[in-house]
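Reviewing the structure listed below.
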Amino acid sequence: MNAADSKAASTSAALLADEPGSVRAETLGQLGAQFAHDFNNVLAVALTSIEMAMRVKDPDKASGFLSNALKVISRGRHLTDRLAAASYACESISPVDVHALIARVAQADSADADASQITMQLAAARSIVNADARFLEEALRNLVANARESVARDGTVTVATRNASGAELRADADRDYLVVAVHDTGGGMSGEVRDHAFDLFFSTHSGAGRGIGLAQVRDAARRAGGVAMIDTETVRGTRVTMAIPLAE
(Lines give C-alpha, C1' and ligand atoms only; values in the text may rest on other atoms or scores of the structure.)
Protein backbone atom coordinates (compact mmCIF):
# COMPACT_ATOMS: atom_id res chain seq x y z
CA MET A 1 0.00 0.00 0.00
CA ASN A 2 1.40 3.41 -0.91
CA ALA A 3 1.50 6.48 1.34
CA ALA A 4 -1.67 8.01 -0.16
CA ASP A 5 -3.66 4.82 0.36
CA SER A 6 -2.38 4.48 3.95
CA LYS A 7 -3.41 8.05 4.71
CA ALA A 8 -6.85 7.50 3.19
CA ALA A 9 -7.33 4.29 5.18
CA SER A 10 -6.30 6.01 8.43
CA THR A 11 -8.67 8.91 7.73
CA SER A 12 -11.57 6.50 7.13
CA ALA A 13 -10.75 4.69 10.37
CA ALA A 14 -10.71 7.96 12.33
CA LEU A 15 -14.06 9.02 10.92
CA LEU A 16 -15.63 5.69 11.81
CA ALA A 17 -14.18 5.80 15.31
CA ASP A 18 -15.76 9.20 16.03
CA GLU A 19 -19.24 8.34 14.80
CA PRO A 20 -22.03 7.07 17.12
CA GLY A 21 -22.97 3.41 16.80
CA SER A 22 -26.04 3.75 14.56
CA VAL A 23 -24.31 6.18 12.21
CA ARG A 24 -21.18 4.04 12.14
CA ALA A 25 -23.23 0.97 11.21
CA GLU A 26 -24.82 2.86 8.32
CA THR A 27 -21.42 4.16 7.21
CA LEU A 28 -19.96 0.67 7.36
CA GLY A 29 -22.87 -0.57 5.29
CA GLN A 30 -22.23 2.05 2.62
CA LEU A 31 -18.48 1.41 2.58
CA GLY A 32 -19.07 -2.33 2.51
CA ALA A 33 -21.51 -2.07 -0.38
CA GLN A 34 -19.00 0.01 -2.35
CA PHE A 35 -16.23 -2.46 -1.58
CA ALA A 36 -18.42 -5.40 -2.63
CA HIS A 37 -19.27 -3.64 -5.90
CA ASP A 38 -15.61 -2.91 -6.68
CA PHE A 39 -14.47 -6.40 -5.73
CA ASN A 40 -17.21 -8.05 -7.80
CA ASN A 41 -15.94 -6.08 -10.79
CA VAL A 42 -12.45 -7.43 -10.12
CA LEU A 43 -13.73 -11.00 -9.95
CA ALA A 44 -15.80 -10.60 -13.11
CA VAL A 45 -12.84 -9.37 -15.17
CA ALA A 46 -10.50 -12.01 -13.72
CA LEU A 47 -12.93 -14.86 -14.40
CA THR A 48 -13.64 -13.66 -17.94
CA SER A 49 -9.92 -13.38 -18.69
CA ILE A 50 -9.22 -16.88 -17.36
CA GLU A 51 -12.14 -18.36 -19.30
CA MET A 52 -10.91 -16.73 -22.52
CA ALA A 53 -7.39 -18.01 -21.89
CA MET A 54 -8.78 -21.54 -21.58
CA ARG A 55 -10.74 -21.24 -24.83
CA VAL A 56 -8.18 -19.75 -27.23
CA LYS A 57 -5.65 -21.97 -28.95
CA ASP A 58 -3.05 -19.28 -29.56
CA PRO A 59 -0.51 -19.38 -26.67
CA ASP A 60 0.28 -15.68 -27.05
CA LYS A 61 -3.39 -14.68 -26.76
CA ALA A 62 -3.86 -17.01 -23.82
CA SER A 63 -0.84 -15.45 -22.12
CA GLY A 64 -2.32 -11.99 -22.68
CA PHE A 65 -5.61 -12.97 -21.06
CA LEU A 66 -3.81 -14.51 -18.07
CA SER A 67 -1.66 -11.41 -17.70
CA ASN A 68 -4.80 -9.29 -17.56
CA ALA A 69 -6.27 -11.62 -14.93
CA LEU A 70 -3.14 -11.23 -12.78
CA LYS A 71 -3.40 -7.44 -13.00
CA VAL A 72 -7.01 -7.29 -11.80
CA ILE A 73 -6.39 -9.89 -9.08
CA SER A 74 -3.55 -7.68 -7.85
CA ARG A 75 -6.02 -4.77 -7.76
CA GLY A 76 -8.42 -6.89 -5.71
CA ARG A 77 -5.66 -7.65 -3.22
CA HIS A 78 -4.94 -3.93 -3.02
CA LEU A 79 -8.61 -3.27 -2.16
CA THR A 80 -8.64 -5.84 0.65
CA ASP A 81 -5.36 -4.45 2.04
CA ARG A 82 -6.90 -0.98 2.23
CA LEU A 83 -10.02 -2.29 3.96
CA ALA A 84 -7.95 -4.23 6.50
CA ALA A 85 -5.73 -1.23 7.20
CA ALA A 86 -8.75 1.00 7.82
CA SER A 87 -10.21 -1.57 10.19
CA TYR A 88 -7.13 -2.25 12.31
CA ALA A 89 -6.06 1.39 12.40
CA CYS A 90 -8.84 2.23 14.87
CA GLU A 91 -8.40 -0.85 17.07
CA SER A 92 -7.30 -0.30 20.68
CA ILE A 93 -6.88 -3.37 22.91
CA SER A 94 -7.30 -2.93 26.67
CA PRO A 95 -8.93 -4.69 29.64
CA VAL A 96 -12.71 -4.42 29.24
CA ASP A 97 -15.48 -5.27 31.72
CA VAL A 98 -18.02 -6.99 29.49
CA HIS A 99 -20.73 -6.78 32.17
CA ALA A 100 -20.39 -2.97 32.04
CA LEU A 101 -20.77 -3.05 28.25
CA ILE A 102 -23.86 -5.24 28.54
CA ALA A 103 -25.35 -2.80 31.07
CA ARG A 104 -24.88 0.09 28.63
CA VAL A 105 -26.45 -1.87 25.79
CA ALA A 106 -29.42 -2.86 27.97
CA GLN A 107 -29.89 0.72 29.22
CA ALA A 108 -29.99 2.06 25.68
CA ASP A 109 -32.42 -0.67 24.67
CA SER A 110 -34.75 -0.05 27.63
CA ALA A 111 -35.22 3.56 26.46
CA ASP A 112 -37.04 2.21 23.39
CA ALA A 113 -40.71 1.75 24.26
CA ASP A 114 -41.14 -0.70 21.40
CA ALA A 115 -38.18 -2.86 22.42
CA SER A 116 -38.67 -6.50 23.29
CA GLN A 117 -38.18 -7.49 26.90
CA ILE A 118 -34.55 -8.17 27.81
CA THR A 119 -33.74 -10.59 30.61
CA MET A 120 -30.28 -10.47 32.18
CA GLN A 121 -28.59 -13.56 33.59
CA LEU A 122 -25.05 -12.36 34.31
CA ALA A 123 -23.70 -15.35 36.22
CA ALA A 124 -20.01 -15.00 35.31
CA ALA A 125 -17.83 -14.31 38.35
CA ARG A 126 -15.10 -12.89 36.09
CA SER A 127 -15.97 -10.62 33.18
CA ILE A 128 -12.74 -8.80 32.24
CA VAL A 129 -11.33 -9.56 28.78
CA ASN A 130 -8.67 -7.95 26.59
CA ALA A 131 -10.46 -6.41 23.61
CA ASP A 132 -11.33 -3.23 21.78
CA ALA A 133 -14.16 -1.85 23.90
CA ARG A 134 -15.88 -0.07 20.99
CA PHE A 135 -15.81 -3.11 18.70
CA LEU A 136 -17.02 -5.41 21.47
CA GLU A 137 -19.83 -3.07 22.52
CA GLU A 138 -20.88 -2.76 18.88
CA ALA A 139 -20.94 -6.57 18.67
CA LEU A 140 -23.20 -6.77 21.72
CA ARG A 141 -25.52 -4.14 20.27
CA ASN A 142 -25.65 -6.07 17.02
CA LEU A 143 -26.47 -9.28 18.87
CA VAL A 144 -29.31 -7.68 20.83
CA ALA A 145 -30.65 -5.85 17.76
CA ASN A 146 -30.57 -9.05 15.71
CA ALA A 147 -32.37 -10.94 18.48
CA ARG A 148 -35.01 -8.22 18.81
CA GLU A 149 -35.76 -8.40 15.10
CA SER A 150 -36.40 -12.13 15.47
CA VAL A 151 -39.09 -11.92 18.17
CA ALA A 152 -42.60 -10.51 18.38
CA ARG A 153 -43.63 -7.76 20.82
CA ASP A 154 -44.35 -10.39 23.49
CA GLY A 155 -41.11 -12.25 22.84
CA THR A 156 -38.04 -12.13 25.05
CA VAL A 157 -34.32 -11.67 24.57
CA THR A 158 -32.00 -13.12 27.20
CA VAL A 159 -28.42 -11.98 27.69
CA ALA A 160 -26.46 -14.46 29.79
CA THR A 161 -22.84 -14.80 30.86
CA ARG A 162 -20.85 -17.54 32.51
CA ASN A 163 -17.25 -18.62 32.90
CA ALA A 164 -15.95 -21.77 31.26
CA SER A 165 -12.62 -23.56 31.03
CA GLY A 166 -10.79 -24.06 27.78
CA ALA A 167 -11.18 -27.81 28.21
CA GLU A 168 -14.96 -27.45 28.42
CA LEU A 169 -15.02 -25.38 25.24
CA ARG A 170 -12.45 -27.59 23.50
CA ALA A 171 -10.21 -24.57 23.20
CA ASP A 172 -6.94 -23.58 24.88
CA ALA A 173 -6.87 -25.79 27.98
CA ASP A 174 -4.65 -23.30 29.83
CA ARG A 175 -7.13 -20.43 29.53
CA ASP A 176 -10.44 -19.59 31.14
CA TYR A 177 -13.17 -17.93 29.10
CA LEU A 178 -16.08 -15.55 29.38
CA VAL A 179 -19.09 -16.94 27.53
CA VAL A 180 -21.68 -14.38 26.44
CA ALA A 181 -24.90 -15.75 24.97
CA VAL A 182 -27.85 -13.82 23.53
CA HIS A 183 -30.96 -15.97 23.14
CA ASP A 184 -34.22 -15.00 21.51
CA THR A 185 -37.59 -16.76 21.50
CA GLY A 186 -38.16 -16.15 17.81
CA GLY A 187 -38.78 -18.60 15.00
CA GLY A 188 -35.18 -19.76 14.73
CA MET A 189 -33.12 -20.26 11.58
CA SER A 190 -33.19 -22.89 8.90
CA GLY A 191 -30.04 -24.94 8.42
CA GLU A 192 -29.13 -22.99 5.31
CA VAL A 193 -29.55 -19.61 7.00
CA ARG A 194 -27.54 -20.77 10.02
CA ASP A 195 -24.67 -21.93 7.80
CA HIS A 196 -24.39 -18.47 6.22
CA ALA A 197 -25.44 -16.26 9.14
CA PHE A 198 -21.88 -15.07 9.85
CA ASP A 199 -21.14 -14.37 6.18
CA LEU A 200 -20.55 -10.72 5.34
CA PHE A 201 -23.53 -9.15 3.50
CA PHE A 202 -25.72 -12.23 4.03
CA SER A 203 -29.14 -11.28 5.36
CA THR A 204 -32.74 -12.43 5.24
CA HIS A 205 -33.84 -8.79 5.53
CA SER A 206 -33.56 -5.83 3.19
CA GLY A 207 -32.22 -2.36 3.84
CA ALA A 208 -28.96 -0.45 4.25
CA GLY A 209 -26.29 -2.04 6.39
CA ARG A 210 -27.91 -5.47 6.37
CA GLY A 211 -25.67 -8.51 6.56
CA ILE A 212 -23.02 -6.77 8.65
CA GLY A 213 -24.18 -7.31 12.27
CA LEU A 214 -23.38 -11.00 12.81
CA ALA A 215 -20.27 -10.80 10.62
CA GLN A 216 -19.04 -8.01 12.93
CA VAL A 217 -19.87 -10.16 15.97
CA ARG A 218 -17.67 -12.99 14.70
CA ASP A 219 -14.89 -10.53 13.84
CA ALA A 220 -15.02 -8.91 17.29
CA ALA A 221 -14.81 -12.32 18.97
CA ARG A 222 -11.89 -13.39 16.80
CA ARG A 223 -9.97 -10.17 17.41
CA ALA A 224 -10.33 -10.76 21.14
CA GLY A 225 -8.89 -14.27 20.70
CA GLY A 226 -12.23 -16.06 20.90
CA VAL A 227 -14.96 -17.53 18.74
CA ALA A 228 -18.63 -16.96 17.93
CA MET A 229 -21.18 -19.76 17.54
CA ILE A 230 -24.85 -20.17 16.63
CA ASP A 231 -27.29 -22.68 18.10
CA THR A 232 -30.77 -22.51 16.60
CA GLU A 233 -33.94 -24.51 16.19
CA THR A 234 -37.05 -23.53 14.28
CA VAL A 235 -39.84 -22.41 16.63
CA ARG A 236 -37.55 -22.59 19.72
CA GLY A 237 -35.40 -19.59 18.83
CA THR A 238 -31.73 -18.81 18.35
CA ARG A 239 -28.74 -18.47 20.68
CA VAL A 240 -25.62 -16.66 19.46
CA THR A 241 -22.60 -17.15 21.72
CA MET A 242 -19.24 -15.45 21.99
CA ALA A 243 -16.48 -17.20 23.97
CA ILE A 244 -13.57 -14.86 24.75
CA PRO A 245 -10.45 -15.56 26.82
CA LEU A 246 -10.47 -13.83 30.21
CA ALA A 247 -7.74 -11.28 30.93
CA GLU A 248 -4.88 -12.72 32.94
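The values are calculated or read from the model by the stated rules, or taken from the named source; none is laboratory data. If you're wondering where the values come from, they're calculated on a predicted model, not measured in any experiment. Here the Cβ positions follow ideal geometry from the backbone for every residue, glycine too, while neighbour counts run over all protein chains shown.
Which members of the range 62-102 meet the condition of being modelled with pLDDT of 75 or more and aromatic (F, W, Y)?
The answer is F65, and nothing else.
Looking at the range 154-167, can you tell me whether even one residue there is modelled with pLDDT under 90, in a helix (DSSP H, G or I), surrounded by 14 or more Cβ atoms within 10 Å (Cβ to Cβ) and assigned by TED's automatic domain parsing to the domain that holds G188?
Taking every residue of the range 154-167 in turn, at least one turns out to be modelled with pLDDT under 90, in a helix (DSSP H, G or I), surrounded by 14 or more Cβ atoms within 10 Å (Cβ to Cβ) and assigned by TED's automatic domain parsing to the domain that holds G188.
Could you give me the residue pairs with C-beta distances under 6 Å whose first residue belongs to the range 225-247 and is touching a residue at least 12 places away in the same chain (Cβ under 8 Å), whose second residue is among the hydrophobic types (A, V, I, L, M, F, W, C) and surrounded by fewer than 18 Cβ atoms within 10 Å (Cβ to Cβ) wherever it lies, and which are 6+ apart or on separate chains?
Filtered contacts from the range 225-247: V240/I230; T241/M229; A243/V227; A247/I128.
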